[in-house]
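Only one structure is covered here, and it is reproduced in the block below.
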Amino acid sequence: MQRTLVLFVRAPRLGAGKRRLAREIGAVAALRFERIMVARLLRRFASDRRWRLRLAVTPDKARHRAQFWSGQIASVGQGGGDLGMRMCRALRACPSGPAVLVGTDIPALAVRHVWAAFRLLGSHDLSFGPAEDGGFWLVGPHALADTLAALPRRMTVGFAERLEDVDDADAYRRLMPRRGF
């Protein structure tokens, strides 16, 4: 059974993403953060043979831009709609087998975290990686508490390690010096 890791990514463009972070640290610094994180996560995850890496890219036409990622990695456009719709679409586009979806704004995200999430799927219907801010860094269409409240009672959920994503200047300052940026 083949596992699929989906990297949920916005093509790095000045002023197009991480708007709250950009307001607080500047648009150029936010763009640099996005580019570094995408490159770092591609290097980190593409060569692991335990899963197949796929990209879910927005805007859709950016999935063919070789300057951001190799054409060797399968990619799909995220399409329109809210975050939950786009995440569901990206997961449905995966081949059969376990699938894990992660974002690109988690500096501490490592191979061991992804592998732990796949292991959780061996004994649970869903796995989530809770984020320090109450959201999630791995799988889930809404804030973690809302998603859990909406699940049928018979579903089992496994939780991966709690990590912190970078949404604002405070998180950026806290996490970036430790991560060698």
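How would K61, K18 line up by accessible area, probe 1.4 Å, largest first?
K61, K18
Using the alpha-carbon atoms, what tilt in degrees (0 to 90, nearest 10) does helix 83-92 show relative to the longest principal axis of the chain?
Result, in degrees: 60.
Which angle between 0 and 90 degrees, to the nearest 10, do you get for helix 27-46 versus the longest principal axis of the chain when only C-alpha atoms count?
Compared with the principal axis, the helix lies near 40 degrees.
May I ask for the distance between the Cα centers of region 51-119 and region 36-50, given as a whole number of Å?
So the two Cα centres are separated by 11 Å.
Which of rounded, prolate or oblate describes region 14-73 when judged by the alpha-carbon gyration tensor and an a/c cut-off of 1.5? Each step should come with its number before you reach the end.
Working: a/c = 2.70, a/b = 1.80, b/c = 1.50.
Since a/c reaches 1.5 and a/b is larger than b/c, the shape of region 14-73 is classed as prolate.
Express the carbon and sulfur contribution to the solvent-accessible surface of the chain as a percent, rounded to the nearest whole number, probe 1.4 angstrom.
Result for the chain: 50 percent of the exposed heavy-atom area is carbon or sulfur.
Towards the positive end of the charge dipole of region 64-134, with charges on Cβ (+1 Lys, Arg; -1 Asp, Glu), say which of A99, V114, A131 has the farthest Cα.
Among A99, V114, A131, the one farthest towards the positive end of the dipole of region 64-134 is A99.
What is the set of long-range amide H partners of V76 at a cut-off below 5 Å, with H atoms built 1.01 Å from backbone N?
L55, A56, V57
Give the accessible area for V157 in Å² (nearest 10); use a 1.4 Å probe, count only protein heavy atoms, and leave out ligands, DNA and RNA.
Here the residue's solvent-accessible area equals roughly 40 Å².
Running a GNM on the chain with Cα contacts under 10 Å, which residue among R154, R20, R65 ends up with the highest mean-square fluctuation?
Among R154, R20, R65, the largest GNM mean-square fluctuation belongs to R154.
Can you work out the accessible area per residue across the chain, with the rest of the protein chains kept in place, probe 1.4 Å, in square angstrom?
That works out to 52 Å² for each residue.
Enumerate the amide H contacts of S127 below 5 Å, restricted to partners 5 or more residues apart or on another chain; note that Pro and chain-start residues carry no placed amide H.
G158
Please report the antiparallel percentage of DSSP beta bridges with both residues in the chain, rounded to the nearest 5.
Just about 15 percent of them are antiparallel.
The values are calculated or read from the model by the stated rules, or taken from the named source; none is laboratory data. Just so we're clear, the structure is a prediction, and the values are computed from it rather than from any experiment. As a convention, Cβ positions derive from the backbone with ideal geometry for all residues, glycine included, and neighbour counts pool all protein chains shown. What goes into the accessible areas is simple: the full protein's heavy atoms, side chains included, and nothing from ligands, DNA or RNA. Shrake-Rupley method; radii C 1.70, N 1.55, O 1.52, S 1.80 Å.
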